[in-house]
DNA sequence: ACTGATTGTGAGCGATGGCTCATATTTTGG
DNA sequence: CCAAAATATGAGCCATCGCTCACAATCAGT
């Protein structure tokens, strides 16, 4: 019963055409994941969809998990690319503005390929020992923690870790679930109400006695 | 590429010894899930652990998914058994008391076999089309919705569905994550702080302008 | 043009797991 | 005590999947 925690690429692509092969494989993996889900995705199917031989696949990836890990990494980088600027700007804003912007940007970030996000998100707890959070949450957690530290004077923060945890987990869950499972909640004009309510809850929590 | 959405038991147990067989199989399934996780659990292993032949297994369950579905059902019934009384009592309590009790009871409910809960919870999105919530959340959602309706006068509820969604999802996530992934957050004396903070956030959200 | 390095190919091996079916055992009802 | 029904058994078939390897095609540097 040997585990297969192989994640690292087997070989680095040095020529241009091999880089193309790698890209095509990642694209195919994402497509298969969305179309069939994780369980029924197989390396053979991925290779076929990529139009690449199974042998080539194994030249660059030791297995399905490595492919999914690479796709996950790429996906979270895309999400962060959407969010990072806004999050940095928010650091010097007052609470109301900061929280509202955090909620808004989290919704946008989750709207980058929501179907893929859903599949990957379901898979995360069972692979890479992130133990508690994914890479995206982790970075957000660090930012919120720093924000709370800098604005502690104007806020009611009993326990920094706990408060940061509550804020990040709440925003992450509400936006994730809304985008992925309840799009009706944030469709069109409804989105503003959703943002208002979530923001109000967190602001009153952070400022209140 | 035939799906296998078989969930229903293949045959009803009519004699006593066959009911024992079914029980033993469910017990074994739960143990295997906790020990090995969903992926590496197999019907052969489950039958072996149950001390029952693989043929008998297939007499009552059409496959792994059916077994897991049955275990899931049983598990959520146990959780609800822990929570239901408290939730009913809470219906006539003022907001502060009601929310605090909701949070407390949710933690207790999640402490019924947390390891099994974790595995099942990871699996739920990928099987039975609950689409958005599990059975447990669904019942809790109904209760919270009713509570909000009855106490609307003293509360600031803009949109009933949205408010109920925010409350249930927030409590569910925070308690789930705390119990399953961050036990340190609710260990010993820390638990009171956790409950205080979560309660404060929701109460101020529900009452505040 | 030549040659070694890089990249690509896919038939097929071995392992695993889902599930069946012919057969055996136990229970029930009369 | 005796059928017939219910229940239990497990060897083994079959499909799938991960992955290798011997070989072919392409490219880079000279």
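Each reported figure results from applying straightforward, stated rules to the coordinates on display, with no laboratory input. Because the structure is predicted, anything quoted here is derived from the model rather than measured. Here Cβ is always computed from backbone atoms with ideal geometry, including for glycine, and neighbour counts include all displayed protein chains.
Below are the figures for this structure:
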{"read-out": "Projected area, mean over directions - the protein assembly as shown, Cα convex hull, nm²", "value": "23.6"}
{"read-out": "Footprinting exposure proxy for A:58, B:205 (fewest neighbouring C-beta atoms within 10 Å first)", "value": "A:58, B:205"}
{"read-out": "Hydrodynamic radius by Kirkwood, which averages 1/r over all alpha carbon pairs of chain A, in angstrom", "value": "18.9"}
{"read-out": "Per-copy distances of the residue A:108 label point, shortest first, in nm (7 angstrom along Cα→Cβ)", "value": "4.5"}
{"read-out": "Footprinting exposure proxy for B:195, B:46, B:32 (fewest neighbouring C-beta atoms within 10 Å first)", "value": "B:195, B:32, B:46"}
{"read-out": "Of B:50, B:187, B:109, the one that fluctuates the most in a GNM where chain B has Cα springs shorter than 10 Å", "value": "B:187"}
{"read-out": "Rg [Å, one decimal], Dmax [Å, integer] - the stretch B:61-103, C-alpha atoms", "value": "15.6, 48"}
{"read-out": "Ranked list, fewest to most other Cβ atoms within 10 Å of each Cβ, for A:143, B:91", "value": "B:91, A:143"}
{"read-out": "Largest-first ellipsoid semi-axes for the stretch B:154-205, taking √(5λ) over the Cα gyration tensor eigenvalues, angstrom", "value": "25, 13, 5"}
{"read-out": "Highest-MSF residue in chain A out of A:115, A:190, A:169 [GNM, Cα springs under 10 Å]", "value": "A:190"}
{"read-out": "At 7 Å out from Cα toward Cβ: residue B:39 inter-copy label distances (nm, ascending)", "value": "1.4"}
{"read-out": "Cα long-axis angle, helix A:95-110 against chain A (0 to 90 degrees, to the nearest 10)", "value": "20"}
{"read-out": "All Cα pairs of the stretch A:107-209, percent lying beyond 20 Å", "value": "46"}
{"read-out": "Angle in degrees between helix B:114-123 and the longest Cα principal axis of chain B, rounded to the nearest 10", "value": "80"}
{"read-out": "Ascending list, in nanometres, of distances separating the residue B:55 label from those of the other copies (7 Å, Cα toward Cβ)", "value": "4.6"}
{"read-out": "Projected area averaged over orientations for the stretch A:10-79, convex hull of C-alpha atoms, nm²", "value": "4.5"}
{"read-out": "Helix axis angle, A:16-36 relative to chain A longest principal axis, alpha carbon, degrees", "value": "70"}
